[in-house]
1. Taking only region A:9-35 into account, find how many residues are assigned to a helix (DSSP H, G or I) and modelled with pLDDT under 90.
2. Quick check on region A:80-96. Is at least one of its residues without any contact (Cβ under 8 Å) to a residue 24 or more places away in the chain and polar (S, T, N, Q)?
3. Please go through region B:60-82 and pick out each residue that is in contact with an Asp or Glu (Cβ under 6 Å, 6 or more places away or on another chain) and either more than 7 Å from chain A (Cβ to nearest Cβ) or at positive phi (or both).
4. Residues of region A:88-101 being surrounded by fewer than 21 Cβ atoms within 10 Å (Cβ to Cβ), of a type outside the set (A, V, I, L, M) and either part of a loop (DSSP other than H, G, I, E, B) or within 9 Å of chain B (Cβ to nearest Cβ) (or both), which ones?
5. Name every residue in region B:34-59 that is touching a residue at least 24 places away in the same chain (Cβ under 8 Å), more than 24 Å from B:L226 (Cβ to Cβ) and in contact with an Asp or Glu (Cβ under 7 Å, 6 or more places away or on another chain), in order of residue number.
6. Take the residues in region A:1-32 that are within 10 Å of chain B (Cβ to nearest Cβ), hydrophobic (A, V, I, L, M, F, W, C) and out of contact with any helix residue (DSSP H, G or I) (no Cβ under 7 Å at 6 or more places or on another chain); name whichever of them is farthest from A:Q74 (Cα to Cα).
7. Can you tell which of B:V168, B:V60 is part of a helix (DSSP H, G or I), assigned by TED's automatic domain parsing to the domain that holds B:G39 and under 28 Å from B:A37 (Cα atoms)?
8. Looking only at region B:11-31, how many residues end up being part of a strand (DSSP E or B) and surrounded by fewer than 18 Cβ atoms within 10 Å (Cβ to Cβ)?
Amino acid sequence: MSPGLRGFVALAAEAFRDGLRRRFTFAVALFLLVAGLGAESCTDLGSASFSLNQRSIPPEVLAGLVAPLLLGWQALAVLVITGVVAADHLARPLVEGSAALWLARPISRDVFAAARLAGALGVGLGAGALLLGTSAGLVVARQHLPAAPALAAGLATALGALAVAALAMAASLVLGRSAVLVLVLGGVPLVALANSVTLVGQLVHPDAELGGLLGAVDRYGPPLGTAIVAALAPWNPHVDAAGTLGPALARLAVWAAGGLLLLALAFRRTELE
Amino acid sequence: MIALELAGATKRYGRRPALVGVDLAVPAGAALGLLGANGAGKTTALRLLLGFARPTRGAVRLRGRDPYEPAARRSVGYLPERLRLPGVMTLHHFLHLHGRLAGLGAGDLQREIDAVAETTGVRERLGERLDSLSKGLAQRAGFAAALLGRPELLVLDEPTSGLDPLGVRDARDWALAARARGATLLISSHVLSEVERVCDHVVILREGRVAAAGGLEQLLQPGETLEDAFVRAVRG
């Protein structure tokens with residue numbers, strides 16, 4: 001193992017432990033418990049029959065509607081959790097001064113930043129794997145839906161979490177924690193809203209385009225919601241999202257790469273106390 | 001071989017100069033004391049030398065390399081002035097992580113940890129959390145981390161801060177032992193008597209500029225102490 005990789009592994013493991021020690025992690029654990037119970041309830045449609053305007057809704061159609069909604073909002077929650085953890089996971093050791101102790105060793109700035117990012121992602125995606133894995137398992141077992149869309153949604157969530165965490169971490173090098181939290185807590189739902197409104201509009205009119213701020217966010221922002229919804233769309237036989245997932249994942253990957261580059265450049269310019 | 005070098009190094013924070021055209025070269029194996037009143041630029045010089053900040057102008061070399069390069073910081077032990085230990089870690093874990101980052105192999109790591117913990121008098125505290133240590137013990141823990149892996153270059157910023165008289169004497173012994181095995185020492189301190197006992201060269205900074213520099217025997221006039229020479233250099 002090269003010295004850089006050995007240093008990364010040691011620092012990333014410490015960053016993950018550091019993430020688990022945060023008070024916020026207790027809130028995440030509580031959220032996981034409540035969301036898990038919600039998933040248990042939402043996926044258990046039992047033998048009940050459902051109707052809308054006196055028309056009976058087949059259970060598989062209902063499952064195809066409920067399951068994407070359930071996993072979709074859970075995936076967005078995972079993005080927010082990861083962003084919140086990342087909001088000061090690099091900035092805090094800089095402010096506290098412990099980063100200087102580690103960076104006096106033969107460790108590059110890039111390796112240190114990547115290790116802190118990996119620690120934040122470990123917490124966020126660990127929570128995500130637990131929550132989405134449980135929900136997807138319940139949906140697949142109880143509603144007999146295929147597992148592939150859930151796996152694709154997991155990939156979209158992981159890419160989205162990488163983009164959100166890298167951007168939040170880069171922002172934390174120039175902004176205070178509160179400002180970064182506002183960006184994460186406001187930005188992720190805003191992007192998800194823009195993506196959702198566009199997707200719903202396109203269901204009604206395939207050529208519909210959203211205008212204004214939301215339209216710009218949907219067209220140029222990271223397609224956090226689009227990728228997740230497109231991944232889960234095959235569960236619903238009435239939604240045709242074929243051709244949406246690939247481009248959305250590609251655009252998300254570009255945003256993630258851009259976030260990583262921004263983080264690396266910002267941290268190389270950061271001066272340590 | 002030059003271990004540390006500042007060549008015309010200037011560092012400004014906004015419009016305020018912290019260092020102005022400082023030239024400084026420390027040969028390998030030498031022990032240099034970096035002195036100056038508060039705000040003279042000592043810590044800024046150390047930050048440049050360790051790659052924590054870039055000079056506004058001029059060059060900085062650590063073993064002939066840009067200190068931003070990780071390879072330049074191989075075998076460097078550093079004790080900062082304001083030592084902020086990650087409180088939730090145990091001392092053993094802290095030293096273990098330092099050892100891994102210093103490149104110590106699994107076989108040597110525990111032996112090295114035991115050795116520096118014994119030397120610095122913290123062996124009984126290895127299992128304790130860092131935030132439970134007193135200030136003096138925390139300083140000893142910082143010393144243990146700096147000495148881990150027998151570094152070739154030891155950078156100590158106010159090393160006796162928080163230490164009792166016994167600790168001050170111990171710290172001097174650790175520095176002298178490092179010097180005896182050939183390590184290069186750079187010590188920034190206000191405790192001139194300790195610098196005089198450990199270092200053979202001194203640089204005195206005043207308002208970011210070199211006010212005096214040289215070997216102790218060159219700087220000190222007959223009958224003078226380092227304190228006298230310091231006051232003469234700083235007051236002009």
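The values are calculated or read from the model by the stated rules, or taken from the named source; none is laboratory data. Remember, it's a predicted structure, so these values are computed and weren't measured experimentally. In this analysis, Cβ positions are derived from the backbone assuming ideal geometry, glycine residues included, and neighbour counts consider all displayed protein chains.
1. Number satisfying all stated conditions: 13.
2. Within region A:80-96 (the criterion being without any contact (Cβ under 8 Å) to a residue 24 or more places away in the chain and polar (S, T, N, Q)), the answer is no, since none of the residues qualifies.
3. Residues satisfying the conditions are B:R61, B:S75, B:E81.
4. Selection gives A:E96, A:G97.
5. Scanning region B:34-59 gives a single hit, B:A53.
6. A:V9
7. Criteria check complete, one pass: B:V168.
8. Total meeting the criteria: 8.
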